[in-house]
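Below you'll find the structure, written out as structure tokens, and then a few comments.
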Amino acid sequence: MIVIADDITGAAEIAGIAFSKGQEVRLVCGGEESGCGTTTNGTTVIATDTRSMTEAEAIAETRRITSNIRHQPSAFFKKTDSALRGHVVAELIALMETTGYQRAVYLPANPSKGRIIRGGTYYINGKAIHETDFSFDPEFPAKTSVLKERFPDAETKGIIMPDAESEEDIRNIIAQYNDGKTLFAGAADLFSALLNSQGDKPLDSTIISKASKSSDTIILCGSTQSKPLDLGIPIAPMPRAIYDGNDDISLWNTSDYAKAHSLILTMPYTHRTGKEAAVHLRNIMARKAKELIAQHCPKHLIIEGGATAWATLQALRWTDFTITAQLAPGVVQMSATNGTLVTLKPGSYPWGNLF
């Protein structure tokens, strides 16, 4: 199976699910031609950054990726955000046109996380999504909770948006539409149920482990909402001048890395908002990480925040990974081709017992 995800943390979440069910899993960033073949017996997850693109760019990128896939997979799956963000309809139309699917089932519900669709309305823990903080999203604000209002042209384009309040509902939807002519698209619960419908068995829970907190580690805290970490590793906070817009990374004192070969980069401020600030911060973090890794490549790179992860891996030109462990739901450890372990953690997830 090939999965195309519209952001890297969503891709990692899907890769972790496939790995936990005993599959061989590769994660490829950007769908470069060298990484578009399927695995021998498993799932290839292609991470894109189309959620951060314009709609026209997202359509073009979707077409480019599918045209680079050399071998016909057993099936496609389109991973989308469980909070309705992204160029959903445009990307699904492009995928159907390039892969030959006649219709699509779009199911962003994640009942296991309290995210359901009832009567065509999307709820998060009992609250309509337009009444949650997702109404303030800078790029895809939830101004309505009714799917037909959020995606008014979906049904006329062959995109089905069913209700789902439970995992049983999801299983029934799969049974109804799993005819080889329907593209499934949506959140993690749908993907997990699809794999279960194919008879995949979970691995023993001992596969799920903790992240290393040993030396030779760089941790990028790419979220302004990140909580402090006390791991006995030197911490280098981003200077206020850089946070406020200065792009001179030499102002950021990271000299401790030369001595300890371990460092935590943090952003200790929260007063800037908006897309321009977000792009600046993730690009600065990526440039600083690249500089440090050029000095000494660590055994382990841990990145918090999907936008930071994408910017960093693109800056490093690390694009092809093999999944090695699922540390927690949505938190995945993988091996780059140079042997460095890379762990990705969504910015909204707590660190919990990862260390």
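The values are calculated or read from the model by the stated rules, or taken from the named source; none is laboratory data. This is a predicted model, so every value here is computed, not measured. Counting neighbours? That spans all protein chains shown, and the Cβs are built from the backbone with ideal geometry, glycine included.
Overview of values
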read-out	value
Residue within region 266-281 that is surrounded by 14 or more Cβ atoms within 10 Å (Cβ to Cβ), touching a residue at least 60 places away in the same chain (Cβ under 8 Å) and among the charged types (D, E, K, R) present	no
Those residues of region 291-314 which are assigned to a helix (DSSP H, G or I) and either in the same structural domain as residue 7 (by TED's automatic domain parsing) or in contact (Cβ under 8 Å) with a residue 40 or more places away in the chain (or both), in sequence order	291, 292, 293, 306, 307, 308, 309, 310, 312, 313, 314
Any hit, region 306-315, residues being closer than 19 Å to residue 12 by Cα and modelled with pLDDT under 90	yes
Output for region 151-203, where each listed residue is surrounded by fewer than 13 Cβ atoms within 10 Å (Cβ to Cβ) and within 17 Å of residue 110 (Cα to Cα)	168
Residue under evaluation residue 59, criteria (1) in contact with a His (Cβ under 9 Å, 6 or more places away or on another chain); (2) of a type outside the set (Lys, Arg); (3) surrounded by fewer than 19 Cβ atoms within 10 Å (Cβ to Cβ), criterion not met	(3)
Selected residue (only one of 292, 327, 281 is within 19 Å of residue 19 (Cβ to Cβ) and more than 13 Å from the chain's Cα centre (by Cα))	327
Those residues of region 175-195 which are in a helix (DSSP H, G or I) and either within 23 Å of the chain's Cα centre (by Cα) or at positive phi (or both), in sequence order	188, 189, 190, 191, 192, 193, 194, 195
Identity of the residue in region 219-272, among the charged types (D, E, K, R) and in a loop (DSSP other than H, G, I, E, B), that ends up nearest to residue 340 (Cα to Cα)	230
Residue match in region 337-345 (condition: of a type in the set (Ser, Thr, Tyr), farther than 21 Å from residue 228 by Cβ and without any contact (Cβ under 8 Å) to a residue 24 or more places away in the chain)	yes
Qualifying residue in region 241-250 (condition: at negative phi, in contact with an Asp or Glu (Cβ under 9 Å, 6 or more places away or on another chain), modelled with pLDDT of 95 or more and surrounded by 16 or more Cβ atoms within 10 Å (Cβ to Cβ))	yes
Only listed residue being under 14 Å from residue 219 (Cα atoms) and touching a strand residue (DSSP E or B) at 6+ places or on another chain (Cβ under 7 Å), chosen from 308, 319, 324	308
Matching option when the condition is assigned by TED's automatic domain parsing to the domain that holds residue 9, more than 30 Å from residue 278 (Cβ to Cβ) and of a type in the set (A, V, I, L, M, F, W, C), among 175, 154	175
Checking residue 128 against (1) of a type in the set (Gly, Ala, Ser); (2) closer than 21 Å to residue 329 by Cα; (3) surrounded by fewer than 19 Cβ atoms within 10 Å (Cβ to Cβ); (4) in contact with a strand residue (DSSP E or B) (Cβ under 7 Å, 6 or more places away or on another chain), the condition it does not meet	(2)
Looking only at region 294-327, and only at residues there that are in contact with a Lys or Arg (Cβ under 8 Å, 6 or more places away or on another chain) and of a type in the set (D, E, K, R), the one that is surrounded by the fewest Cβ atoms within 10 Å (Cβ to Cβ)	320
Given (1) more than 17 Å from residue 237 (Cβ to Cβ); (2) crowded, with 16+ Cβ neighbours inside 10 Å, index of the condition residue 338 fails	(2)
